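Below is one structure, written out as structure tokens; comments come after it.
What follows draws every value from the coordinates through simple rules; no lab data is involved. From a predicted model like this one, the values you see are computed outputs, not experimental measurements. Here the Cβ positions follow ideal geometry from the backbone for every residue, glycine too, while neighbour counts run over all protein chains shown.
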Amino acid sequence: MKNCLTAEQVGEMLLLVADRIIAAEPELTDADRNLGDGDHGLGMQRGLMAVKDKLAGAELDSIDKVFGAAGMAMISSMGGASGAIFGTVFRAGGKAVAGAETFGSPELATFLQAAVDGVMQRGGAKPGDKTMIDALHPAAQKAAQSTGDSLGDALTAAAEAAAAGRDASCDMIATMGRAKTLRERSLGHPDAGACSVAIILAAMRDYVAS
Amino acid sequence: MKNCLTAEQVGEMLLLVADRIIAAEPELTDADRNLGDGDHGLGMQRGLMAVKDKLAGAELDSIDKVFGAAGMAMISSMGGASGAIFGTVFRAGGKAVAGAETFGSPELATFLQAAVDGVMQRGGAKPGDKTMIDALHPAAQKAAQSTGDSLGDALTAAAEAAAAGRDASCDMIATMGRAKTLRERSLGHPDAGACSVAIILAAMRDYVAS
Amino acid sequence: MSTMKKLVNDPLKVADELLDGLVEAYDGQCERVGTRSIVKRVIPDGKVALLVGGGSGHEPIYHGLVGRNLADGAACGDIFAAPSPDIVLEATEAVHKGEGVLYLYGNYAGDVMNFDMGAELAEEDGIDVRTVLIWDDVCSAPPTEKHNRRGIAGLVPIVKLAGAASQQAASLDELEATARKAVLQTRSVGVSMAPGSIPATGKPTFDIEEGKIGLGMGIHGEPGVEEIPMTTADELTPKMLELIFADFEEDDEVEALSAGDEVVFLVNSLGATTMMECLICLRKAKQILTEKGIVVHDTIVGPLVTCQEMAGISFSVTRLDDELKRLWQMPCESVCYSKMEG
Amino acid sequence: MSTMKKLVNDPLKVADELLDGLVEAYDGQCERVGTRSIVKRVIPDGKVALLVGGGSGHEPIYHGLVGRNLADGAACGDIFAAPSPDIVLEATEAVHKGEGVLYLYGNYAGDVMNFDMGAELAEEDGIDVRTVLIWDDVCSAPPTEKHNRRGIAGLVPIVKLAGAASQQAASLDELEATARKAVLQTRSVGVSMAPGSIPATGKPTFDIEEGKIGLGMGIHGEPGVEEIPMTTADELTPKMLELIFADFEEDDEVEALSAGDEVVFLVNSLGATTMMECLICLRKAKQILTEKGIVVHDTIVGPLVTCQEMAGISFSVTRLDDELKRLWQMPCESVCYSKMEG
Ligand SMILES: Nc1ncnc2c1ncn2[C@@H]1O[C@H](COP(=O)(O)OP(=O)(O)O)[C@@H](O)[C@H]1O
Ligand SMILES: Nc1ncnc2c1ncn2[C@@H]1O[C@H](COP(=O)(O)OP(=O)(O)O)[C@@H](O)[C@H]1O
Ligand SMILES: [Mg+2]
Ligand SMILES: [Mg+2]
Ligand SMILES: [Mg+2]
Ligand SMILES: [Mg+2]
């Protein structure tokens, strides 16, 4: 059980995130087939393979540099909506924790809030639009309430909130992205990007718990 | 049992031929799928529907006119190899019996021989090339030997020879038409046009027997 | 079904390999630039530049619309994925000749975000960038929200017109204005009968009941607005045209289509739908347009905007005014679409 | 599979209805003549006429090759069936402007018999008719029997060259000679992965084992010369090109293809095969041609000669001499193929 992560550990955490997302490619792709164009898993897989290469190569001595490098790797390698969106999560989140020596529950809260703000600014979606925001935003809220807890507890709460948000997205009517023309028929399926957010936060939790 | 057909009866006989060929469309189309482009039955169906229209409309007072009208109807309506080939059967055959008051076993022999010659001249194929000639030519030979017999017996023999020729075409290697690129692999399948010839002669036999 | 039998090499490299092939198809007219862009070899200094782009897998668009009197370059993404900002930037720098660059592409969340990020980077380099989004798919949002619509096959006449305009445009403003007009006057409706497949997975992009048609289906296989029973060409064609007529009627920003209007009419196949079917639908569509007194100045038919071997068809109508008509009559040449003068 | 979901009306009328649509696609340039022919509205008096034709169902050829600097008319048969002699005669009379008519079409038993019967009727009317058969499919017979070969996608460059020549030809002899040269210098190889379907029956035109490719498959789905296991674009492309190179080598009537030769290279999709796949194959083919020092003067890619939604691809090589190169550079426009000058 780790409570404050060093830059190096943040890098290790992202490697676990990468492996989990890459392993989940088929399920993420299927999720996008229901509402989108059936390629979300492929894009995320491409992006997180690039993250692994980037982190393997580079000398990254600060937390914000690690997140920033990961974000840039995703943006450049993925393209698509998710490249911009998930790249922004790590870039905007990383910028917000610039200067921090370690990554603890306060930094987690800062990171997630900045990520939500960055994604909303980039894509113009709001909570309730049936996008990954509906998993990311509740996670950020939980993290904001957990700054007094250990990083492990904060991540457990945030991951739980993200999973709940993913499930809640089933009951939302898409108004953004490819799914919006489905209107009512988008009901009953979770948003693909929300599935990715839940996987990412669960992986972060598991790394810290290990 | 009719022994000598009037022009009117020749017309009736061709109507039975037409109905039999039209009914056989699926089997003829399948035969062409094995070696050709899978449309022989469709072409023959088109052609013999046109024959029915033509014979229904026209005032045809001589045997050669009846056959000629049928042949022209097939040529104009079918196109394709079989339009030219089967149209030629009736046009060339009909021309050869011009002047005949009735259609008996001698006329049958004349008709079939002229049909074979016309088809060979038109398309350049010879017996053994795995075409409809391999059913038509043996039928013509049998008819030539049956000029002393009744039309019914002559047609029974000719139809039998045509069916045998159709079966024999299974063992031939195609050298003409679409099937020729199959070479050895054309073995084992009868030629589609040969199937039509067998059906045509069987229908003529049955009309006369009725 | 041919989906399992695609002639490719590494399924994850198809976007790069098809772009190499596309460059060859241009016989020296275009070259590959940066990560995944295609750009004309010769772009005159001082020309206002036109950049298109989007995800791969819809060939011959978008990158096939680079050419003579057409786009100067295209930023190409991976299969069904918008090009990354780096790619957009590389393409922008390659086509820029001092007078700015117009981005003209289909309105998809991924494309907008990535092209915008690319534009931000380009502007840091002092390049003047404008964006005109293509949103011709009338089935993807009501007229009041038309700026949320997707871009589909209508992009072909739109890029043709903008490409012609870019040869003569005195300024980026002028090109932008012409492109906006072409978008405003272009409306499309698509249907789909069967999905295409994603090269990397071989999986269909969507499922549709046997015997059903997806009305308003997007070119990425996004589900349509309604599923209707399979019908005949003569039944479906009026349904589709009606949606286009109604949209011109309901949208306050344009006049209703009326007798005497001159249009370009495009019948697009989404891939596996045969030219035979497109022509049979065109036959009926022309009857209907003629009855309304609408004059078809030019007709285009073929698989120009595809989604792999998806079965489906779309109609696009672009109304021409004098300026657009003059631009239309310019010759053009590309892998996607070519025409002689007139 | 989309075969059961074709957008047609009466399946037995598709050939007539698609031709009506094709006439509309020509925007007044062509008109329908007689039973089932399409002919240019304006053919100058004294022009040596070029007539093409064949069965329908392979759109955009053959009837899509009527146009500016292309064929003057086309005699169209029913689906996969040669046009009847009456149709050939009607088309012949419509295109004839006093200097005779060249028939240029693919070498199939049905077409030969029907066009010959049509020619006999035309000659009775005192029209001078010549015939040049297209036999570019090297897989359909050995070089020694090349006049028994089928005509496949190579007909597109051949008709393009003959169409250009017909604009200038002083006599029918001259046009015939140029067309013969274009045929002699054009060789093609095709493969197929999956059948198309016959509109009237919905049945596939042939069966092929899952995971197999028919090498040398004809455009009507006639079985190929060999079935090989499905492979990659980079494995298959050299196999196909080798057959073309070998044929130029083995045929005494032509020189082997060698460094410095200029060619037109066509990558044709038989229908459902995506432009993506064609471009990936083109990428490899260009590498191989370039290694041999063969100069590709112009590349054409797309579904020009199809068999409904058949999955398959073909390569065609046409070697240009100075005359053919000059003819190639003329612009042309039609529903099937258009290019600007150069
Ligand atoms: N404007 C947006 N704001 C936030 N997330 C978005 C937005 N648009 C799309 N997304 C997310 O991206 C996901 C789709 O990603 P992906 O399928 O990889 O991209 P694409 O839509 O280009 O195929 C959606 O499930 C959604 O969560
Ligand atoms: N040169 C020829 N001589 C005689 N019969 C021929 C010749 N060419 C083709 N045929 C006959 O025509 C039949 C094919 O007819 P059909 O399928 O209707 O025409 P197509 O080959 O144009 O599709 C073959 O089975 C064969 O019997
Ligand atoms: Mg997607
Ligand atoms: Mg046939
Ligand atoms: Mg996508
Ligand atoms: Mg046929």
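Structure notes:
- Tilt relative to chain A, helix A:80-96 - C-alpha long axis, 0 to 90 degrees, to 10: 30 degrees
- The protein assembly as shown pair-distance distribution - Cα-Cα, 20 Å bins, rounded %: 13, 39, 31, 14, 4, 0
- Other-copy label distances relative to C:E145, 7 angstrom Cα-Cβ extension, nm: 6.6
- Cα gyration tensor of chain B - equivalent ellipsoid semi-axes, whole Å, descending: 26, 18, 14
- With the label put 7 angstrom out from Cα along the Cα-to-Cβ vector, C:P238 ends up 5.9 nm from the copy partners, going from closest to farthest.
- With 5 Å bins from 0: P(r) over segment C:196-305, alpha-carbon pairs, percent: 2, 10, 17, 23, 20, 14, 8, 4, 2, 0
- Here the average projected area of the convex hull drawn through the C-alpha atoms of segment C:1-151 stands at 10.1 nm².
- Where a label projected 7 Å from the Cα of C:K97 along Cα→Cβ would reach, residues of segment C:70-86 with amide N under 11 Å: C:72
- Using alpha-carbon coordinates, inclination of helix B:25-35 to the longest axis of chain B, degrees: 40 degrees
- In this structure, A:A164 and A:D53 have a Cβ-Cβ separation that, at R0 = 56 Å, corresponds to a calculated FRET efficiency of about 0.95.
- Dividing the mean sequence gap of close Cα pairs (under 8 Å, 6+ apart) by how many residues segment B:1-137 holds gives a relative contact order of 21 percent.
- The ranking of D:D136, C:D20, A:D39 by Cβ neighbour count inside 10 Å, starting from the fewest, reads C:D20, A:D39, D:D136.
- Calculated log₁₀ intensity ratio I(q)/I(0) where the Debye formula runs over C-alpha points of chain D, q = 0.08, 0.10 Å⁻¹: -0.34, -0.54
- Candidate lysines for bridging to A:K52, where Cα separation is under 24 Å - those fewer than 8 sequence places away on the same chain excluded: A:K2, A:K65, A:K95, C:K13
- The fewest-to-most ranking of C:I244, A:I200 by surrounding Cβ atoms within 10 Å reads C:I244, A:I200.
- For A:K54, the aspartates and glutamates whose Cα comes closer than 18 Å to its Cα, not counting residues fewer than 8 places off in the same chain, are A:E8, A:E12, A:D19, A:D64, C:D86.
- 10 Å Cβ shell holding at most 13 others, DSSP loop, GluC sites (Glu not before Pro): longest site-free stretch of chain D: D:1-208
- Net lengthening on full extension, B:D171/B:T147 (0.36 nm per residue, minus Cα-Cα): 5.6 nm
- Extending 7 Å from Cα along the Cβ direction at D:R180 and again at D:E209 yields two label points whose distance is 4.4 nm.
- Rg/Rg_ref, segment C:41-86, where Rg_ref = 2.2 N^0.38 Å and atoms are Cα: 1.20
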